[in-house]
1. Can Gln170 be described as modelled with pLDDT of 85 or more, open to solvent by less than 70 Å² (accessible area, probe 1.4 Å) and either of a type outside the set (A, V, I, L, M) or over 30 Å from Glu51 (Cβ atoms) (or both)?
2. If the requirement is being farther than 22 Å from Asp76 by Cβ and either modelled with pLDDT of 90 or more or charged (D, E, K, R) (or both), which of these qualifies: Arg55, Arg49, Arg28?
3. Filtering the range 13-32 down to residues that are among the aliphatic types (A, V, I, L, M) and within 23 Å of Ala81 (Cβ to Cβ), which residue is most open to solvent (accessible area, probe 1.4 Å)?
4. Residue check, Ser85 against (1) in contact with a Leu (Cβ under 7 Å, 6 or more places away or on another chain); (2) assigned to a loop (DSSP other than H, G, I, E, B), all met but one. Which one?
5. Any residue that is open to solvent by 30 Å² or more (accessible area, probe 1.4 Å), at pLDDT 85 or above, of a type outside the set (Asp, Glu) and closer than 23 Å to Phe161 by Cβ - is there at least one of those in the range 111-121?
Amino acid sequence: VRARLAEQASPFYAHAAGWVDQRIAQTRNLRGVFGFKDTLKHLRDALQRDETGARLANVIRPQFTVALVDEFQDTDPIQYAILESVYIDPMPPGMKGGSPNIGTGGLILIGDPKQAIFGFRGADLDTYIKAAEGVPEAQQHTLTRNYRSSTAMVEAVNALFEASPLKPRQFLQD
């Protein structure tokens with residue numbers, strides 16, 4: 001009986017959580033209040049607008065010609081969409097005509113998927129994997145020396161990942 005009740009409650013909880021999120025957004029909007037996450041969402045949305053997104057990226061890029069993101073494995077999809085719009089995408093989706101993202105500089109991502117521990121803050125391992133798959137192999141670099149762990153510890157962790165029955169997709173999530 002409990003299992004059946006839990007199964008039936010799941011859609012209710014999902015609906016309730018969505019409703020609460022929507023009410024919080026409405027209240028913030030009515031009061032003119034927004035937080036850090038809201039700022040990121042507004043910037044992402046502005047960069048993805050067909051009419052003005054490329055122009056905005058072209059304003060941002062010369063001011064921040066290089067972006068270095070340390071602990072990239074803890075980046076969430078919204079943050080990566082911003083970086084992608086400014087430094088990677090040649091043209092926002094659906095944009096007709098106009099200029100592609102032009103400029104020099106670049107994006108440097110430093111991270112280790114084995115350290116992806118901040119899911120509670122929105123970090124998303126799929127975002128890391130997507131970004132890593134988009135980097136040409138010639139531009140990927142692996143540190144050959146670890147200054148924070150012993151050789152034995154690094155070898156033990158690597159052995160666990162190497163022995164995974166999910167290899168090469170050890171980082172699959174439920």
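1. Criteria not met by Gln170.
2. Working: Arg49 fails: farther than 22 Å from Asp76 by Cβ; Arg28 fails: farther than 22 Å from Asp76 by Cβ.
Unique residue meeting the criteria: Arg55.
3. Per the criteria, the residue is Ile24.
4. For Ser85, the failing item is (2).
5. yes
Results for (1) part of a loop (DSSP other than H, G, I, E, B); (2) among the β-branched types (Val, Ile, Thr); (3) open to solvent by 50 Å² or more (accessible area, probe 1.4 Å), shown as yes or no for each residue.
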{"position": "Pro11", "(1), (2), (3)": "no, no, yes"}
{"position": "Asp50", "(1), (2), (3)": "yes, no, yes"}
{"position": "Arg55", "(1), (2), (3)": "no, no, yes"}
{"position": "Asn58", "(1), (2), (3)": "no, no, no"}
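The values are calculated or read from the model by the stated rules, or taken from the named source; none is laboratory data. Everything numeric in this text was worked out from a predicted model, so none of it was measured. A quick note on method: Cβ atoms are made from the backbone with ideal geometry, for glycine too, and the neighbour counts reach across all protein chains shown. All accessible areas refer to the heavy atoms of the entire protein, side chains included, with ligands and DNA or RNA removed. Shrake-Rupley method; radii C 1.70, N 1.55, O 1.52, S 1.80 Å.
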